[in-house]
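One structure is given below, encoded as structure tokens.
Since every read-out is calculated from the coordinates, none of them should be taken as a lab result. Note that the structure is predicted; figures quoted are calculated from it, not measured. Every residue, glycine among them, receives a Cβ derived from its backbone with ideal geometry; neighbour counts consider all protein chains shown.
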């Protein structure tokens, strides 16, 4: 194995509260009121630009309200999960090629990666503005191509069933980042990591190939 691909939200970073607040900031003027986190989560799937365009087709300023809030409140409402930075540093030191495949749009992806100093870890970044959203395997396949890696040499780490379905469709093992969301073995994960250190231990048995 020589490549490890990661999801972003819910896997490396916790930005869910920020995303929900940003969507409310963008769309409450259109809706006439804020919506609950559960109501907003039901809208998830496409990148935020498409989501907001679908909800506010007549308000071209809505997307800029989203990004203004997202950037301004990022430090207060988002975080990197404990153990993630040491995990990424260790994987690089061991010679693994790292990629990121997220449904987030390009602008919010870059804001988060740069704010947390995570961009430097990834040779390939594929966002939701480039490809069909997961569970489509398109993003994973594109990341593998950019890394020059084959599916049998890689693993995809995510937190949601859609991540697992995308991995399976791309012919890549799907590993659960269960440090953010409990992972049900019945979902079909190939490996469940309760902490980033668990992932390192598992990959320690599968040395990187150059």
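Measure nothing fancy, just the Cα-based angle from helix 84-93's long axis to the longest principal axis of the chain, in degrees from 0 to 90, nearest 10. Approximately 40 degrees, to the nearest 10. Here the contact order of the range 43-172, divided by its residue count and restricted to Cα pairs under 8 Å and six or more residues apart, works out to 22 percent. With the biggest extent put first, the Cα atoms of the range 1-115 measure 52, 24, 23 Å across the principal axes. Of all DSSP beta bridges confined to the chain, the antiparallel ones make up roughly 10%. Considering only 170, 124, 28, the mean-square fluctuation computed in a Gaussian network model of the chain, springs between alpha carbons under 10 angstrom, is largest for 28.
When the Gaussian network model of the chain links Cα atoms closer than 10 Å, the mean-square fluctuations of 83, 32, 188 top out at 32. For the chain, a/c is not less than 1.5, where a ≥ b ≥ c are the root eigenvalues of the C-alpha gyration tensor, and a/b tops b/c. That puts it in the prolate class.
Between residue 50 and residue 73, what's the calculated FRET efficiency when r is the beta-carbon distance and R0 is 35 Å? Round to 0.05. It comes out at approximately 0.95. Relative to the longest principal axis of the Cα atoms of the chain, the long axis of helix 62-72 makes an angle of roughly 60 degrees. Stretching the chain fully between residue 120 and residue 169 yields a gain of 14.8 nm (0.36 nm per residue, less the alpha carbon separation).
With a Förster radius of 25 Å applied to the beta-carbon distance between residue 132 and residue 191, the computed FRET efficiency rounds to 0.45. For the range 16-77, the relative contact order comes to 47 percent (Cα pairs under 8 Å, sequence separation of at least 6). A Gaussian network model of the chain, with springs between Cα atoms under 10 Å, assigns the largest mean-square fluctuation among 127, 163, 184 to 184. So how tilted is helix 138-147 from the main axis of the chain? Cα-based, degrees 0 to 90, rounded to 10. Roughly 50 degrees between the two axes.
Mean residue ellipticity, 222 nm, helices only, the chain: the sum of -39500 (n - 2.57) across DSSP H runs of n ≥ 4, divided by residue count and rounded to 500, is -12500 deg cm²/dmol. Using all pairs of distinct alpha-carbon atoms, the Kirkwood hydrodynamic radius of the range 16-77 works out to 11.4 angstrom.
Using the Cβ-Cβ distance between residue 42 and residue 94 with R0 set to 41 Å, the FRET efficiency from 1/(1 + (r/R0)^6) comes to roughly 0.55.
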